[in-house]
Amino acid sequence: ISSAELTGEFLKRVKTLNPEYNAFITINEEVSLAQARIADGMIASGQASPLTGIPIAQKDIFCAKGWLTTCGSKMLSNFISPYDAGVIERFNQIGAVNIGKTNMDEFAMGSSNETSFYGPVRNPWDVLAVPGGSSGGAACAVAARMTPAATGTDTGGSIRQPAALCGISGIKPTYGLVSRYGMIAFASSLDQGGPMAKSAEDLAMLLNVMVGFDARDSTSLQRESEDYARHLEKPLAGLRIGLPKEYFAKGMSRDVECAVEEALEEYRRQGAETVEISLPNSRLAIPVYYVLAPAEASSNLSRFDGVRYGYRTKSYRDLGDMYRKSRAEGFGTEVKRRILVGTYVLSHGYYDAYYIKAQKLRRLIAQDFSEAFKVCDVIMGPTSPTVAFDLGERSSDPIQMYLSDIYTSGVNLAGLPGMSIPVGFGSKNRPVGLHIIGNYFNEAQMLNVAHQYQ
Ligand code: GLN
């Protein structure tokens, strides 16, 4: 089958299903098919690599030249990117096909995809449920087989939580491995791009394309390139799995716990041993995250002023009025809440009490993980405390929504890699994800652990 045929088939599926699921903000059939024909040319002339000609859905946070790039916001509802993000460039270089831009929470702030200016996404397993967020469109598109793979970004859980809620696999790599150039910034010290797909094997191939040094991202890491698929087939005998006692204490719903326990049983059958570990500061992850992420967001989002690009209000008296109205009209409620909180914790008199304190606690959270990795190879637990919740169920209660990331956000604070794989179904037959946390740069081992289960 040619890439043009393959792309055509997936586009057909997108056109049939998207009106109901709302997973894509933009599709551009002609552009995708033209890319597919170029890929077919590469294949014919022997320049193919494993993902040449494969359709990839791109989260609408990645700038893609000539494509509308909205970040889920009214603020960028008219923004056609004049350049490619580092990640997009890497996919273009090997001849992958951009099959469309996926829906997401506005500026990646959310856990349910309900803050998107473009409306909520539905969970393909149950259209009454949310897909998770912020990469909800990506997770939905992969789960509903509208695309074989997608990109996501993860600041506090946005790849792993929607992967869990939609029954697919997703990995957030070690901070610094995937370029943030052209990836619209939310909280720069936490943001990391990564792949979402059906299996760990697919994730390995996607990581092989996505990971690499980029001089245009000041926190990009320069490392020798590796093949993330090289350990997939390794047997797990002797693997030490750390189970944080704090994660298995309370908070997790019973159905999620059952599915996770069954998955752990499977690992024990394969010869892995489980050891109890402790992450004593893990209860601080959410409060620390919700000081630091808004602080960084308030700074990053100051660039959206209606002057050079993006939304500008229709009528205004003077420059100040133009800024105020453009931002008041262009940003949604959750984004405004974050800007206010962020500005507050960074302001004179509160900076030490909140921002500096949170930075110190961030270090303690990272140290907990370092201690734990002295006695185990990977850490496991649930990705999300519950299965997918109903649309609207948590949208009026920010605290309840924030708790969706109780197991995932500590990993971002520490800069560690984390992934989620599907391990069965909980209540209402909604998917459950197993969270696998690895030590820095141990992606290949995590993918091995995931692959042996799948
Ligand atoms: N749900 C978290 C938030 O709202 C994390 C989002 C993310 O990882 N981008 O900030």
State whether one or more residues within segment 309-322 are more than 16 Å from the ligand (Cβ to nearest atom), part of a helix (DSSP H, G or I) and of a type in the set (A, V, I, L, M). yes
Where residues in segment 401-432 are of a type in the set (A, V, I, L, M, F, W, C) and not in a helix (DSSP H, G or I), which of them is farthest from the ligand (Cβ to nearest atom)? F425
Out of the residues in segment 228-267 that are among the charged types (D, E, K, R) and part of a loop (DSSP other than H, G, I, E, B), state the one that is surrounded by the most Cβ atoms within 10 Å (Cβ to Cβ). E246
Which one of these does T383 not meet: (1) without any contact (Cβ under 8 Å) to a residue 12 or more places away in the chain; (2) under 22 Å from F248 (Cβ atoms)? (1)
Yes or no: A444 outside any strand (DSSP E or B) and in contact with a strand residue (DSSP E or B) (Cβ under 8 Å, 6 or more places away or on another chain)? no
Checking A293, A285 in turn, the sole residue that is within 16 Å of the ligand (Cβ to nearest atom), more than 23 Å from F373 (Cα to Cα) and among the aliphatic types (A, V, I, L, M) turns out to be A293
Answer from S199, S220, S188, S225 - the residue that is over 16 Å from R90 (Cα atoms), in contact with a strand residue (DSSP E or B) (Cβ under 9 Å, 6 or more places away or on another chain) and among the hydroxyl-bearing types (S, T, Y): S199
Name the single residue that is farthest from R240 (Cα to Cα) among those in segment 306-325 being in contact with a Leu (Cβ under 9 Å, 6 or more places away or on another chain) and surrounded by fewer than 18 Cβ atoms within 10 Å (Cβ to Cβ). V307
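Only one of F107, F91 is within 16 Å of the ligand (Cβ to nearest atom), at pLDDT 95 or above, surrounded by 18 or more Cβ atoms within 10 Å (Cβ to Cβ) and not in a loop (DSSP other than H, G, I, E, B); which?
Going through F107, F91 in turn, the sole match is F107.
The values are calculated or read from the model by the stated rules, or taken from the named source; none is laboratory data. The structure displayed is predicted, hence computed values, not measured ones. Methodologically, a virtual Cβ is constructed for each residue, glycine included, from the backbone with ideal geometry; neighbour enumeration extends over all protein chains shown.
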